[in-house]
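The values are calculated or read from the model by the stated rules, or taken from the named source; none is laboratory data. These numbers come from a predicted model, not from an experiment. All Cβ positions, glycine included, derive from the backbone under ideal geometry; neighbour counts span all protein chains shown.
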Amino acid sequence: MKARNRRHAIASSDALSPKALLAYATGIRADYEKHLRELVEIPTVSADPARAADVARGARAAAALLRRLGVAASVEPTGGHPLVVGHLRSGAGFPTVTLYNHLDVQPAARADGWKTDPFRFTRKGDRYFGRGTTDDKGPALAALHGALAAHRAGVPLNVRFLWETEEEAGSTHFEHAIGRLAPRLATELVVISDGLWVSRDQPTCASGLRGWLGIELSLETGEGDAHSGIVGGLARNPLAELMQLVADLHDARSGRVKVPGFYDDVEPLTRREREEFRRSGFSIANLKAGIGIRKLRTENPREAMRRIWALPTFEVHGVVGGYSGPGSKSIVPGRGQVKASFRLVPSQHPDRVADLVTRFIKKRNPDVVVRRDAGNLPYRADVSGPFAAALRRAMTDAFGKELSFVRDGGSIGAVASMERLLGCPVLFLDLSLPEHGYHAANEYFEWSQASRGIVAFARFFAELAGPEGALAVAKRPERKRS
Ligand SMILES: [Zn+2]
């Protein structure tokens, strides 16, 4: 009972009430903006080799910022762009939670339609314009200041920071670096803040991601193009055979994959997941307007959410070969290629899908060469456990509306890597909004999401820590048995 009271004293101490935390955030607003300015004004464009020195400078500046705020920090080489590792120590023996963010950004130039210099931090009222403000420097700093708020209020928890600088370039070296550093990175939980809500009016966090398997199908039937007046009707046409294969692989109108066994490992949505999707604020009209897409396979919002979040796909990205210039050219092409991919959902495995698909293709057209990439595993969080319950309470406290867990149709390889190499669950605490312009011109973040994000992180840490906190509850043997 004593323990319960002590935890209660932590979780609901005056300094950790949502109101007090919001006042705390308001008090450090000038610092937050200064820190965001520092990070945004270093053009950490990881995909551009010419910006490598800026990415390295961004990592050093971030580590220096952490140190200034009392967080031990180092810049770790990875073989690619570096990784910033920070450690906010509250006490030996306290559990550790890891916050993952990335500090690299997408390319940006005035010519893309920016109204301000993308690498100048420009404040307009409560909005902060600049490349990386919402993806992902602003959320990284909200997480940092949330951790500092909890630390200062005495929450018995250590927080580690993993700030990647290669996320927008495919996280090529991340997994290897995490593997190498893993003995130093022991943690109970990883929290990622690098995602967006479905709508401004409804807090959502991703509880699942799709996996990925990229494939290239190539067919060569001649040394080069041949005249169809000479060999037409006799020569095999590689482009047409690949198109037939694509039609064999899936029904292009419905999207249904026709490879036997493809759907065997797909986990159906639970009733609770379907209900949370319904409350997510998803709208077909917003999706269409936001992306500029006109024709969909369905106009039913529930079916749409199921399709983009919870069902696997086969998509053709490009067809290479033959003639595509003006007018006609009467050739039989000598070679053709299809670039395609599968998005996978829990519990599909890219290796198993690659085997199924390759066997299917080989049976139909043994001359087609199938090349696959390494693929990514899909990810699914436990949304009924104590960590998810703590996250629900924290987000609801911070934003005044009950959190909905949704899925994200994209793939982040780093998530499965961290789950596996650090041996702990991964959760998302998302703060960006659809209108913030992820990867687009005039990207911005805003103070209401930053300040309430600080509250959400601090509340989450308070809910996790202490003898009756979610971290302790998760360790109990009676829970392990269930
Ligand atoms: Zn991001």
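What the table shows:
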quantity: Residue match in region 52-73 (condition: assigned to a loop (DSSP other than H, G, I, E, B), closer than 24 Å to G125 by Cα and aliphatic (A, V, I, L, M)); calculated: no
quantity: Residue satisfying all of: in region 308-360; among the basic types (K, R) and buried (at least 17 other Cβ atoms within 10 Å of the Cβ); nearest to N286 (Cα to Cα) among these; calculated: R343
quantity: Scan of region 166-216 for residues that are aliphatic (A, V, I, L, M), in contact with a Pro (Cβ under 8 Å, 6 or more places away or on another chain) and within 25 Å of L311 (Cα to Cα), ordered by number; calculated: L196, V198, L209, L213
quantity: Top-ranked residue of region 408-455 - restricted to ones that are under 16 Å from T204 (Cα atoms) and of a type in the set (S, T, Y), ranked as farthest from the chain's Cα centre (by Cα); calculated: S448
quantity: Criterion: exposed (fewer than 13 other Cβ atoms within 10 Å of the Cβ) and either over 30 Å from A52 (Cβ atoms) or in contact with a strand residue (DSSP E or B) (Cβ under 9 Å, 6 or more places away or on another chain) (or both) - qualifying residue of S254, S218, S171, S199; calculated: S254
quantity: Residue match in region 345-352 (condition: over 30 Å from T204 (Cα atoms) and touching a residue at least 12 places away in the same chain (Cβ under 8 Å)); calculated: yes
quantity: Filtered residues of region 188-209 (kept if away from the ligand (no atom under 16 Å from the Cβ) and part of a loop (DSSP other than H, G, I, E, B)); calculated: E188, V198, R200, D201, P203
quantity: Residue in region 355-369 that is within 30 Å of E275 (Cβ to Cβ) and in contact (Cβ under 8 Å) with a residue 60 or more places away in the chain present; calculated: no
quantity: Candidate set from region 171-181 (those that are in a loop (DSSP other than H, G, I, E, B) and within 16 Å of the ligand (Cβ to nearest atom)); member that is farthest from K19 (Cα to Cα); calculated: T172
quantity: Any hit, region 105-115, residues being under 26 Å from G179 (Cα atoms), in contact with a His (Cβ under 6 Å, 6 or more places away or on another chain) and among the aliphatic types (A, V, I, L, M); calculated: no
quantity: Among the candidates E446, E463, residue that is away from the ligand (no atom under 16 Å from the Cβ), at pLDDT 95 or above, under 27 Å from G154 (Cβ atoms) and acidic (D, E); calculated: E463
quantity: Of all residues in region 367-416 being out of contact with any strand residue (DSSP E or B) (no Cβ under 9 Å at 6 or more places or on another chain) and modelled with pLDDT under 95, the one that is nearest to N237 (Cα to Cα); calculated: S384
quantity: Residues being in contact with a strand residue (DSSP E or B) (Cβ under 7 Å, 6 or more places away or on another chain) and under 16 Å from D135 (Cβ atoms) - total across region 417-442; calculated: 10
quantity: Yes/no for E216 being acidic (D, E) and part of a strand (DSSP E or B); calculated: yes
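Each row is one residue, and each column tells you yes or no for (1) closer than 23 Å to I454 by Cβ; (2) free of Cβ contacts under 8 Å to residues at least 12 places away in the same chain; (3) of a type in the set (V, I, T).
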| site | (1), (2), (3) |
| --- | --- |
| A15 | yes, no, no |
| Y24 | yes, no, no |
| Y32 | yes, no, no |
| T44 | yes, no, yes |
| V84 | yes, no, yes |
| A92 | no, yes, no |
| P95 | yes, no, no |
| L99 | yes, no, no |
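Here's the yes/no breakdown for (1) in contact with a His (Cβ under 9 Å, 6 or more places away or on another chain); (2) buried (at least 23 other Cβ atoms within 10 Å of the Cβ); (3) in contact (Cβ under 8 Å) with a residue 40 or more places away in the chain:
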{"position": "R393", "(1), (2), (3)": "no, no, yes"}
{"position": "T396", "(1), (2), (3)": "no, no, yes"}
{"position": "S432", "(1), (2), (3)": "no, yes, yes"}
{"position": "G437", "(1), (2), (3)": "no, no, yes"}
{"position": "F445", "(1), (2), (3)": "yes, yes, yes"}
{"position": "A450", "(1), (2), (3)": "yes, yes, yes"}
{"position": "V455", "(1), (2), (3)": "no, yes, yes"}
{"position": "A458", "(1), (2), (3)": "yes, yes, yes"}
